[in-house]
Every structure is written in structure tokens, then in C-alpha cells.
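The values are calculated or read from the model by the stated rules, or taken from the named source; none is laboratory data. Note that this is a predicted model, so its numbers are computed, not measured. With ideal geometry, Cβ positions are generated from the backbone for all residues, glycine too; neighbour counts draw on all protein chains shown. Just so you know, the surface numbers come from the protein's heavy atoms only, side chains and all, with ligands and any DNA or RNA stripped out. Shrake-Rupley method; radii C 1.70, N 1.55, O 1.52, S 1.80 Å.
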Amino acid sequence: MGGSKKRKRNEGQRGGTVYSENPPDFALLASLYPEFHPFLQFSHPHSRPTIDWTDFNATRQLTRVLLHHRHALTWWIPDGHLCPTVPNRCNYIHWLQHLLSSNIIRNTVSSDGKFRGFDIGTGASCIYPLLGASLHGWSFVGSDVTDVAIEWAERNVNSNPHISQLIEIRKVQDNASAPCVEVEESVTGDRITLCRSTDVEVAPLPLDLHSCKNRNYHGPPILVGVVRGDENFDFCMCNPPFFESLEEAGLNPKTSCGGTSREMVCPGGERAFITRIIEDSTQLTEQFRWFTSMIGKKSNLKYLTSKLWEVGVAIVKTTEFVQGRTSRWGLAWSFLTPIQKTPISLPNKKNTSFTLEGLQRQHGAINLLEAVNSYFSSHGLFCTLNTSSFTVDVAASKDDCDSILRNELHIINKSINCQPTQKTSNGSSLNLSSERLCFRISVFQQIPGTLLVKGSLQDRNCAVSGAFSVIFQKLEEALRNNFCTKSA
């Protein structure tokens, strides 16, 4: 019951699309579109009709009639290609509209709300450009690799002459070896080579993504090498290949939305694909206001958000899309300085903690406290150690935060106990400038061999508060590696 209430609340928070309070009426659609009627199913004579969601022809026909009935769009795709669910795609468009209109990042690209977007892997359906252009008058470049996807995307654009001038379909060249992005992954299995190669040179990946088990992205260019040097966009968007293999893609027997291997599968799955988008974004920082992607696995959200802070983004925003029984997540980031203070969606907890268990007897609370102090001092952060209260107060600039997130150690001699610039109300010595991240680490003895480490954010509204949870995770990793004989 609790889960149902949470889902209902989330849906209300994301309301605003035509489907939020008015889901599709299959009986009405069948009366208006006779070709849809054969796909209706009834559990009993007076029940509301539904369709067989495992039937690709049924889901494709539903998408066609919904796009025509509610969006005045003429649309079709060939057999086997990914069939988009219209309500879910509308949710993504609606979130982008809110993000672009919120005045968080200064608008230097478009005027009068006529935003310009780049759709990564637009597919045969070309669904996002069609919806964005028809709902809001946005203009798009939609990219893809395969000839079939390009052909059908252009057909769908040309079948809607009232918006066709707003959409450009761009073929991505794929004819030489592309760079490799390695990402951490624990799932085993055979590697599937999704893409051929490209002759576009891309700078080496600067991220520290070492792992004994990894999956690689070997695909064609995504943004770098496709976006032209003189182009600027308000946003990019992407429905990435979620899966690592066709076998994984076929594990959900409850739905059938089709999908070719290129649309559904990528070595390393969505984690590798979006990591490449993150890498590309570091070279296109001024050409996009927002970089965004949909995410199919919540477990990847934390990982990718951490990578964003590592490359020095200015802001991260996230959301959850819930439609029926399907949940997806949206991730957005920008390198441009926000023009107004805004809480960063993930992560932004004010208080967080973890427990260290299995400590050896010689490792008490004071030893752990000194290790915390040493950890932050080695990164050049200002900190004050208080052995009476078993706390370390820390103040960090944005550059300091970036140092920790990139695992960089400062080769300078800073005092471990840095002196205060301003006294806080609780007596700790921190500079509470809005440009500095200020937090307290406390250590508590639980039982022999077990310590509780608590982190408290002092100012949740500071400009870099979103980095706190990721920095705390880094501290936890370091302490576990140094002190624990077994994981909590």
C-alpha cells in the first residue's frame, strides 16, 4: 500500500501532460479508428477494454492512433523497430519544458520559448522531435546511424508538413574505430559489438573508471563529431539503449515494444552509453544549455550522477517518470553557471550516515576521527578537528569539491586545523559563504568494533550543496578500505 501511495504522489508532482489525468480511452479510440478495434480485449462483457501489451502490432497501432487523435500527427514504423509509448515520451517532453522555462540556466540560444533540441538516436519513430515540435513549436536535429532509421524518420517528418520545417534528420557516419569508454559493471556475459566504427577523432576519456570487470562502449560518435562547431542547442535528449544483450532485453515478457539490436543493445548498456554522453558534454560545455538522458535502471542514476560531479558540472537535476506500471528516470546537467539559487535534485540530503563494522580493537573513535581529518586535509580542505566532541568541521570551495570527486591530492602544506574566518552559531569554525560547502563529520562509538559516522550539511542552500552526498560516499569508501575487515 505504501508503494502505491508513493507512486500516486509522484505522478501528481509530474502532472501537466495530456495523459496525467486523462488516460487513453481505448473504446473511444476504437470507435474513431476502426483499424484499432481488432486489437481490443475484454476480461468480461462490461469491462473496460485493453490490449495485449505483448503484441507488437497492437502497441504500434495504439501509438499511431494516439499520435493522430491527440497530437494531429501522422506516423508509422516498420516491423521490428522500437515502438514508443506516447504517454511516457510526453512526460520527458513535459519535464524538459519545465526545465527550460524555469530560468535556472540563462537562455542564450532561443527566444520566445522556441527552444532548439538535439535528439540522440531519434530512431525510425522520430518521436521526440515530432512531439516537441507539435506541442511546443521546438526545432530539432535528430541523429541516427542506420539507413532504415534515417529513411523512416524522414518519412514521419515529411508526413507532417505543418512541422516538417522544424526538424532536421542527420545521419551519423560510422566507418572507423571509435574510442572506448570503460564503465564499472558486475554482470557477466558475452560482449555484443553493436556498432561498427567511425573516422571521427574524440579526445581520450579523462574519467577514472577503472574496474576489474567492465563493459566498453565501442559505438559511433554520439555528440562530438555529430554536432557542428557553429551550432548551439538549448538541450539534448536521449532514450539510450538500455540493455547489454538481446537476451537481457527479452527478459520482460509483459510488454512488446519491438526494437532492433541497435535501438535496444549496447556493450555496457545504458551506463556505458550515457557515460559517453557525459564525456562528450565536457567538450561541448558552451554549445548546450542542458544535457539530458532518460535512464531505465535506477541503480545507474547514482553512478552516473557521481560521474557528473567528477567532471565538474555546475548543476544536476533528476526526476522520475511513472506511467502505469513503468518507471523511468530523467537525468539533466549543465556546465553553465545557474543564474538563481536552486536546490540540486540529487544528491541533497542534509544529514546522512553509515556504520563501520568489523573494526580491529586498536581502531577506536579517535583513530577514525583523525583519519577523517587527514582525508579532507590531504585534498586541501579547511577543517577543524575537535577531539572533545569527536567532530571534524569542513569548509570546501567548488574547486575543493572537484578535487575530491576527481581523487586529486593537493601537493601543498596546509594546516590540518585551519583557523576560522567566521564563527558559526554552534561554535565551529567555518566560513558559511554561499560559495563554500560547509559540513560536519561526527564519529560515535556503538559497540566494540562498530562505529557510526554521521555527516551534517550546514547550509543546504549553498551553491555546491549537491556535492555533499557524493563527497560523503567517497569518505565512506576510503574509511572502509582502511579500517574494515568486513563490510557493513
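Details
- Test: LEU359 is open to solvent by 10 Å² or more (accessible area, probe 1.4 Å), within 28 Å of GLY225 (Cα to Cα), touching a residue at least 60 places away in the same chain (Cβ under 8 Å) and touching a Phe, Trp or Tyr at 6+ places or on another chain (Cβ under 9 Å): no
- Looking only at residues in region 73-94 that are within 14 Å of PHE321 (Cβ to Cβ) and open to solvent by 30 Å² or more (accessible area, probe 1.4 Å), the one that is farthest from the chain's Cα centre (by Cα) is THR85.
- Qualifying residue in region 9-20 (condition: modelled with pLDDT of 85 or more and open to solvent by less than 80 Å² (accessible area, probe 1.4 Å)): no
- Figure legend. Inter-residue proximity from region 365-387: first residues open to solvent by 40 Å² or more (accessible area, probe 1.4 Å), second residues acidic (Asp, Glu), beta-carbon distance below 8 Å, spacing 6+ or different chains. Indicated pairs: LEU385/GLU370; ASN386/ASP393.
- Condition check for SER425: among the hydroxyl-bearing types (Ser, Thr, Tyr), modelled with pLDDT under 85, closer than 25 Å to VAL311 by Cα and exposed (fewer than 15 other Cβ atoms within 10 Å of the Cβ): no
- The set of residues from region 28-38 being open to solvent by 50 Å² or more (accessible area, probe 1.4 Å) and either of a type outside the set (Gly, Ala, Ser) or in contact with a Pro (Cβ under 9 Å, 6 or more places away or on another chain) (or both) comprises LEU28, LEU32, PRO34, GLU35, HIS37, PRO38.
- Matching residues, region 24-62, being touching a residue at least 60 places away in the same chain (Cβ under 8 Å) and either in a helix (DSSP H, G or I) or more than 17 Å from PRO87 (Cα to Cα) (or both): THR54, ASP55, PHE56, THR59, ARG60
- Restricted to region 111-126, and to residues there that are open to solvent by 20 Å² or more (accessible area, probe 1.4 Å) and part of a loop (DSSP other than H, G, I, E, B), the residue that is farthest from TRP138 (Cα to Cα) is GLY121.
- In region 148-161, the residues that are acidic (Asp, Glu) reach residues that are open to solvent by 20 Å² or more (accessible area, probe 1.4 Å) with C-beta atoms within less than 7 angstrom, at least six apart or across chains, in these pairs: GLU154/ILE169.
- Filter result (within 29 Å of the chain's Cα centre (by Cα) and either more than 25 Å from THR292 (Cβ to Cβ) or open to solvent by less than 10 Å² (accessible area, probe 1.4 Å) (or both)) within region 60-72: ARG60, LEU62, THR63, ARG64, LEU66, LEU67
- Among the numbered conditions (1) without any contact (Cβ under 8 Å) to a residue 60 or more places away in the chain; (2) surrounded by fewer than 21 Cβ atoms within 10 Å (Cβ to Cβ); (3) not β-branched (Val, Ile, Thr), the only one that ALA133 does not meet is (2).
- Any hit, region 174-185, residues being closer than 19 Å to PHE118 by Cα, modelled with pLDDT of 95 or more and out of contact with any Gly (no Cβ under 7 Å at 6 or more places or on another chain): no
- Conditions (1) modelled with pLDDT under 80; (2) in contact with a strand residue (DSSP E or B) (Cβ under 9 Å, 6 or more places away or on another chain); (3) under 18 Å from HIS379 (Cβ atoms); number of the one not met by PHE468: (1)
- Of residues in region 302-321 being open to solvent by 10 Å² or more (accessible area, probe 1.4 Å) and closer than 30 Å to PRO24 by Cα, the one nearest to the chain's Cα centre (by Cα): THR318
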